[in-house]
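To keep things clear, I will list the structure first and then write my remarks on it.
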Amino acid sequence: MMNYQIYILKLLSFYLIFLAVLGCNSKTEKSLEKVQTKTLEVEQLKPPHWWVGFESKELQLLVKSDQIQGMNVSVNAPGVEVVNVHNADSPNYLFIDLKIKKDAAPGIIELLFSSNDSTHYKLDYELKKRVKSSLDYEGFSSEDAIYLITPDRFANANPKNDILPNLQEQKVNRKDDYARHGGDIQGITDHLDYIDDMGFTAIWSCPLRTNDMKRWSYHGYAITNHYEVDPRFGTLQEFKTLVKEADKRGIKFIMDQIVNHCGLYHWWMEDLPFKDWLNYQDDFLSGKLAKYSNHRRTVNQDIYASEIDKKEMTEGWFVESMPDLNHKNPFLAQFIIQNSIWWVEELGLGGIRQDTYPYADKTFLSNWAGTIMKEYPNFSIVGEEWSFNPLLIGYWQNDTNSKQGYVSNLTSTMDFAMLDNIKKGVNENEAWDTGLVKIYDGLANDFHYPNPKAIMAMMDNHDMSRIYTELKGNIIKTKMALSTLLMLPRIPQIYYGTEILMEDFDKPGDHGLIRTDFPGGWAGDQINAFTGVGLNKDQKEMQNYLKTLLNFRKNSAAVHHGKTVHFAPESGIYVLFRILKDDISFLILNKNENSVTLDLSRFEELNLSGKTFQNVLTNDSFTWKASLELPKKGSYIFNLMSK
């Protein structure tokens, strides 16, 4: 009996132990299950989403989360692989290299994080389907005419977003040239028909991304969040709608980007990922004034330049409020490259304008532009090289035969040299080496450019005194300058308001005044340039003048792609032809105050005798014979009628 009782007690003990173990296991499994479903709380995840089907299969994620350093990362998705995980100097960042294979499907993928203490997290990440192929992203070209807009000063369609409580600058004052005025994305969208009717085929807007600066945030060049539309301009969806509506009208959208620097209040400035994320970072963190750039842009080409000059040019800060980014840090470089591609894909862009081009590391710039152009072979990028020296301008345009072996991968640069030549050409008195010969000699420098017609030319922009001011309020000279711009083998860019003679006479060159509000863009404006109400006679005439020339240019294959033949100025007259087989147009610049007869025998080599030409501006016509009467000073543009 005793043995039986002992047996029963042992059996009961084993059973109780079994239940205890079973219960523990059950609790453990439930606990693990609970941990595995916990979502990782992140401060930043960049890019916020990506796409399948790119030429490059690589994607690097920046994940910012408290004490994330050292975590292991895996992915639970077919066709997606975690290649590497990089710790930053800050404990709050991970950089995750993903490979998105050809067979990866669009949808939500799950990233799994595990720490040394066996804590597990998950993070959902979206891979989207691309809307169109890379080849369908067509950039701007010599077929286009670009309308440059400072969005804060163009039109205010939504006053409700003018001041927002979560942003630092809490001031809108149209009487203050350096305050915000309230213009926004919807304001541009609402006036696309005006831009289209004027004859423009592309829009370049100054930056629209968040600039959470304490003052002067209106201009947009001190970015504080690379992946966010400034809410005072509108929403991402409104930005996408703008680009889509522009595209419906055959208008490309060119995004203004800045890789050289960011704004002082960028979200990462409170916790920089690496010790070398910025140039002169140690000085900044210790409270010292960071070293400014020496602005010696020639060091990029100068074969004699010292190392210290090169360093101070590219690593020095542009201004105190714009920290200079260190593109030699591979993670920063990848962040910037991916950001540019993200915006191209997200919006369906027709081009990028890159600010302060020579100030960034030129090896990085080659990789940046090269990566974009490899993904979008028909795309366009223009870089700002503010120089009057054609040698420096031409250096940046892509040329596989570069004498220095530098391949820029940049399709276009900005022709400040021709801007200067045209101003001098129409403004100076005629002599052997002054006046119209400046245009003639300036255009002769095109032999240096790999592709002259892909270069962007202009008469002014948002950083320069307006052309009407530069030419002392002389309407005839202003028309001569603009007509020349529109007939050159270039991509012309015209600043908003040029068509109504906007000026900065009171403070020439003052940026706030240059960027004056476009009349009619605000409710209650007494003058409305969109409708013509309140414009004076000269403003209406100039608006119609540009509208006529732009719409002519829009449909002129000769101006888009024809060869250029010009003749040295004689007796105050300069003549330039654009010829594409039987499509012929030509420009005459006449600086004679009184009526003058132009001897046409000088142009005999072009075989134009007997052909009929029409004046684009007046619709008058003439048949090419011995001479042509030019009744007054100014510009004349003729187009062949009989083809």
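The values are calculated or read from the model by the stated rules, or taken from the named source; none is laboratory data. A quick note: this is a predicted structure, and the numbers were derived from the prediction, not measured. Neighbour counts are summed over all protein chains in view; Cβ atoms, including those assigned to glycine, are modelled from backbone coordinates with ideal geometry. The protein model used for the area step is the full one, side chains on, heavy atoms only, and it has no ligands, DNA or RNA in it. Shrake-Rupley method; radii C 1.70, N 1.55, O 1.52, S 1.80 Å.
Using Cα positions and a limit of under 16 Å, work out the lysines in reach of residue 57, with same-chain residues fewer than 8 apart set aside.
Reachable lysines: 99, 101, 102, 128, 129, 374.
Sort out for me the Cα centre separation of region 571-622 from region 248-288, rounded to whole Å.
51 Å
Would you mind checking which residues have amide H under 5 Å from residue 203's amide H? H placed 1.01 Å from N; only 5 or more apart, or other chain.
147, 252, 253, 254
If I model a spin label at residue 593 and residue 163 as a point 7 Å from the Cα along the Cα→Cβ vector, what separation in nanometres do I get?
It is 5.5 nm.
Report the extension gain between residue 56 and residue 444 in nm, rounded to one decimal, defined as 0.36 nm multiplied by the number of residues separating them, less their alpha carbon distance.
135.6 nm
With θ taken as phi - 60° and the coefficients 6.51, -1.76 and 1.60, list the Karplus ³J(HN,Hα) couplings across region 604-617 in order, rounded to whole Hz; mark glycine and proline as x.
Listing the rounded values in order: 4, 4, 8, 6, 9, 4, x, 7, 9, 10, 10, 6, 4, 8 Hz.
Using r as the Cβ-Cβ distance of residue 249 and residue 90, and R0 as 56 Å, what FRET efficiency do you calculate, to the nearest 0.05?
In this case the efficiency is close to 0.75.
At residue 122 and residue 389, where each label point lies 7 Å from the Cα along Cα→Cβ, what is the point-to-point distance in nanometres?
Taking the simple label geometry, residue 122 and residue 389 are separated by 6.0 nm.
Region 407-467: Rg/Rh from Cα coordinates, Kirkwood Rh?
My calculation of the ratio gives 1.03.
Please find the FRET efficiency linking residue 555 to residue 627, where r is the Cβ-Cβ separation and R0 is fixed at 30 Å, and quote it to the nearest 0.05.
Plugging the Cβ-Cβ distance into 1/(1 + (r/R0)^6) gives 0.55.
Across region 246-372, how many lysine pairs, 8 or more apart or on two chains, come within less than 29 Å at their alpha-carbon atoms?
Within region 246-372, the lysine pair count is 20.
Residue 176 to residue 528: FRET efficiency via 1/(1 + (r/R0)^6), r the Cβ-Cβ distance, R0 22 Å, to the nearest 0.05?
After rounding, the FRET efficiency stands at 0.45.
In degrees from 0 to 90, rounded to the nearest 10, what is the angle of the helix 416-427 Cα long axis to the longest principal axis of the chain?
The helix 416-427 is inclined about 30 degrees to the chain.
On a 24 Å Cα-Cα criterion, which of the cross-link pairs 554/632; 537/632; 423/633; 424/537; 46/122 come out too long?
The pairs that break the limit, which is 24 Å between Cα atoms, are 554/632; 424/537.
For the chain, take the longest principal axis of its alpha carbons; what is the angle in degrees between that and the long axis of helix 537-554, to the nearest 10 within 0 to 90?
Rounded to the nearest ten degrees, it is 70.
When only Cα pairs under 8 Å and 6 or more residues apart are kept, what is the percent relative contact order across region 329-475?
Once normalised by length, the contact order is 18 percent.
Given an 8 Å cut-off on Cα distances and at least 6 residues of separation, report the relative contact order of the chain as a percent.
10 percent
If every alpha-carbon in region 571-643 counts as one equal scatterer, what log10 I(q)/I(0) does Debye give at q = 0.23, 0.28 1/Å?
Scattering profile of region 571-643, log10 relative to I(0): -1.14, -1.65.
If I model a spin label at residue 307 and residue 618 as a point 7 Å from the Cα along the Cα→Cβ vector, what separation in nanometres do I get?
6.6 nm
What accessible area per residue, rounded to a whole number of Å², is obtained for the chain using a probe radius of 1.4 Å?
Per residue, the chain has 44 Å² of solvent-accessible surface.
In sequence order, what are the phi-derived ³J(HN,Hα) couplings for region 247-255 according to the Karplus relation 6.51 cos²θ - 1.76 cosθ + 1.60 with θ = phi - 60°, rounded to whole Hz, with x for glycine and proline?
3J(HN,Hα) across region 247-255, in whole Hz: 4, 4, 9, x, 10, 7, 10, 9, 8.
For the chain, what is the calculated [θ] at 222 nm in deg cm²/dmol (nearest 500), taking -39500 (n - 2.57) for each run of four or more DSSP H residues and dividing by its residue count?
One gets -8500 deg cm²/dmol as the mean residue ellipticity at 222 nm.
Please report the carbon-and-sulfur percent of the accessible area for region 155-229; probe 1.4 Å, protein heavy atoms only, DNA, RNA and ligands left out.
47 percent
Principal axis lengths of region 102-177 from Cα atoms, whole Å, largest first?
For region 102-177, the Cα extents along the three principal axes come out at 60, 43, 21 Å.
Radius of gyration and Dmax for the chain's Cα atoms, expressed in Å?
Looking at the chain, its Cα Rg and Dmax stand at 30.6, 141 Å.
What is the mean projected area of the alpha carbon convex hull for region 401-529, to one decimal in square nanometres?
So the mean shadow area of the Cα hull is 10.2 nm².
Could you state how much accessible area residue 43 has, in square angstrom rounded to the nearest 10, with a 1.4 Å probe and all protein chains kept in place?
We get 110 Å² for residue 43.
Taking a quarter of the surface of the convex hull around the Cα atoms of region 228-386, what do you get in nm²?
10.6 nm²
Among the aspartates and glutamates, select those whose C-alpha is under 18 Å from the C-alpha of residue 403, and discard any that sit fewer than 8 residues away in the same chain.
The reachable aspartates and glutamates, counting only those whose Cα sits under 18 Å from residue 403, are 302, 446.
When DSSP assigns beta bridges and you keep just the ones with both residues in the chain, what percent turn out antiparallel, to the nearest 5?
70 percent
When the accessible area of region 286-339 is computed with all protein chains present and a 1.4 Å probe, what percentage of it is carbon and sulfur?
Accessible surface attributable to carbon and sulfur in region 286-339 totals 53 percent.
Pairs of Cα atoms under 8 Å, at least six residues apart: use those to get the relative contact order of region 584-636, whole percent.
Once divided by the residue count of region 584-636, the mean separation gives 53 percent.
Can you pull the percent of region 530-643's accessible area that's carbon plus sulfur, 1.4 Å probe, other chains left in place?
45 percent
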